[in-house]
1. Applying the selection to the stretch 93-104, what residues are touching an Asp or Glu at 6+ places or on another chain (Cβ under 7 Å), open to solvent by less than 10 Å² (accessible area, probe 1.4 Å) and part of a helix (DSSP H, G or I)?
2. Just to be sure before I move on: is MET353 open to solvent by 10 Å² or more (accessible area, probe 1.4 Å) and not polar (S, T, N, Q) in the structure I sent?
3. Taking into account only those residues within the stretch 418-435 that are open to solvent by less than 20 Å² (accessible area, probe 1.4 Å) and not polar (S, T, N, Q), which is farthest from GLN274 (Cα to Cα)?
4. Could you figure out which of (1) assigned to a helix (DSSP H, G or I); (2) open to solvent by less than 20 Å² (accessible area, probe 1.4 Å); (3) of a type in the set (Gly, Ala, Ser) isn't true of SER415?
5. Which residues, counting only those in the stretch 305-327, are of a type in the set (Val, Ile, Thr), open to solvent by less than 60 Å² (accessible area, probe 1.4 Å) and at pLDDT 70 or above?
6. Based on what the data block shows, is LEU188 aliphatic (A, V, I, L, M), open to solvent by 10 Å² or more (accessible area, probe 1.4 Å), in contact with a Pro (Cβ under 9 Å, 6 or more places away or on another chain) and part of a loop (DSSP other than H, G, I, E, B)?
7. Might you check whether a residue that is open to solvent by less than 10 Å² (accessible area, probe 1.4 Å), at pLDDT 75 or above and of a type outside the set (Val, Ile, Thr) occurs anywhere in the stretch 256-279?
8. Given the criterion assigned to a helix (DSSP H, G or I), open to solvent by 10 Å² or more (accessible area, probe 1.4 Å) and either small (Gly, Ala, Ser) or modelled with pLDDT of 90 or more (or both), identify the matching residue among LEU136, LEU153.
Amino acid sequence: MVFVMHVTPAGGRGWNTFLLLICVSVTMGTTIPVGYFFGVLNAPAELIKRWCEDILASEYDTIVSPSQLDILWTSIVSIYLIGGICGSCFSALCSDKYGRKGCLMISGAVLVVCGMLFTWCRAANSLEMLMVGRFLGGIASALIFTAQPMYLLELAPSELSGSVGVFTCIGVTGGILLAQVMTLSQLLGNEDLWPYALSFYTLLVVASLLPMWWFPESPRWLYLHKRDSAASELALRRIRGHGAEEEVQRELLQMKNTLEAQAQASSKDSSLCQVLGDRELFLPLLLVCSFQATQQLSGINAIFFYSLSILTEAGFSPGAATWLNLGIGGFNLCTSLLGPLLIQKFPRRPLMMLSCAVCALSLLAMSIGLYFLESSESTVLTYFCAAFILSFILGFQIGLGPIAYFIGSELLEDSPRPVAMSMGSLFSWIGNFLVGMCFPLLQGVWSSFAFMPCMCVCIYCLLLTWRYLPETRGREPKDVKPLMSHGLRSKLD
């Protein structure tokens, strides 16, 4: 990350050492564990299934058929997503009541509890501990997806809003790769150590919680929600560093003006019903929820959930598919590291449209390649399919991956922002759940063309971006609000 950022030792409008430390530490203890949850069950799946079968036989005197065991396994995987959906329903309330940092501290504590449940579930012969750990992990992840982007964006100067926003995507992709590495059979993904593979992320959470306690709360939350201008000023001085007095006063004046505008409009923290009933917020809500849903329904999770079977279907041996899958995870992380540079240098609209177009074309080409590979053993087609998996990941990480996480903070003002972010998180978890449940069925019916619905979703997002997304780079939410105030009749010019 530091290779694409210029870190300044003193105050100013760019990066400084303290802000970078906050971004890295918070990402390490929040979104990396979320990515770890997404990827940790793939490799040790058969080991955990056998353990579940033994527990049912020994503790419940129940012998299950292979199909029943598959249903149980689907429940273990999907209960994490159900927890995410439930957590999204109250994540905005938690973020407003306890603060951005406070919400992240709560999620960190919950993740530590989950790690303890994973570590001791086999020793306790408790399938329930595994299920509860997955469910609570989903709730914690939903809190993180709502609070972490807002926390970093509200700490950073407006010029860096895009650069800090991509830390969410970097953390998730890094967590997926870490899970792929730690669940290798040579490390923790074996018969003896798989509980420790599930809970390994806890080390990162504990290491992050210690410095996070010392980090300041969001200055905007302190000023606009707690009405504590003194604490907000102190937090700003810590974040901006020495020699940034003028910048601190300017940001305090902006927050004062925002607070006065809210008072004149008799506006307090927006509730869900108020946000949904405000016609001026319909379009930004549509954009936030559509981007978050598209991010999951685009096919990225289908590729990582079922990458081993896809690569095996493409003609690779199981051993080669395992290592190639690890290489794809590494490529995913490397391309996500381009995010800070791209977001800082290029506008959001063209990046998002290019991302959707590349993803749609890659999915189409990969589907055609897999179709012809079914009737041919061509080595060229095998590598052709692998290449388009990589091109899809590249396209995803230049737009859909990072922008969907933070676009809500650039489109919406402070009052409706937490509700909008939690709604976006809700649509993200629902999309993730639909992929996990429906993609295997599509594979069984449509075979190589199972990615066609994903391609259609990418095209929908491309058209939505082209028609309705205003450019937010270098602009405040109050500047783009008039461009979206007429709903679907809004015009960008």
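The values are calculated or read from the model by the stated rules, or taken from the named source; none is laboratory data. Note that this is a predicted model, so its numbers are computed, not measured. Cβ sites come from the backbone with ideal geometry, for glycine too, and all protein chains shown count toward neighbours. Ligands, DNA and RNA are stripped out before the accessible areas are found, and what is left, the full protein with its side chains, is counted by its heavy atoms. Shrake-Rupley method; radii C 1.70, N 1.55, O 1.52, S 1.80 Å.
1. Across the stretch 93-104, the qualifying residue is only ARG100.
2. Details: open to solvent by 10 Å² or more (accessible area, probe 1.4 Å): yes; not polar (S, T, N, Q): yes.
Yes: the conditions hold for MET353.
3. The selected residue is VAL435.
4. Of everything listed in (1) assigned to a helix (DSSP H, G or I); (2) open to solvent by less than 20 Å² (accessible area, probe 1.4 Å); (3) of a type in the set (Gly, Ala, Ser), SER415 misses just condition (1).
5. Within the stretch 305-327, just THR322 meets the criteria.
6. Spelling it out, LEU188 is indeed aliphatic (A, V, I, L, M), open to solvent by 10 Å² or more (accessible area, probe 1.4 Å), in contact with a Pro (Cβ under 9 Å, 6 or more places away or on another chain) and part of a loop (DSSP other than H, G, I, E, B).
7. no
8. LEU136
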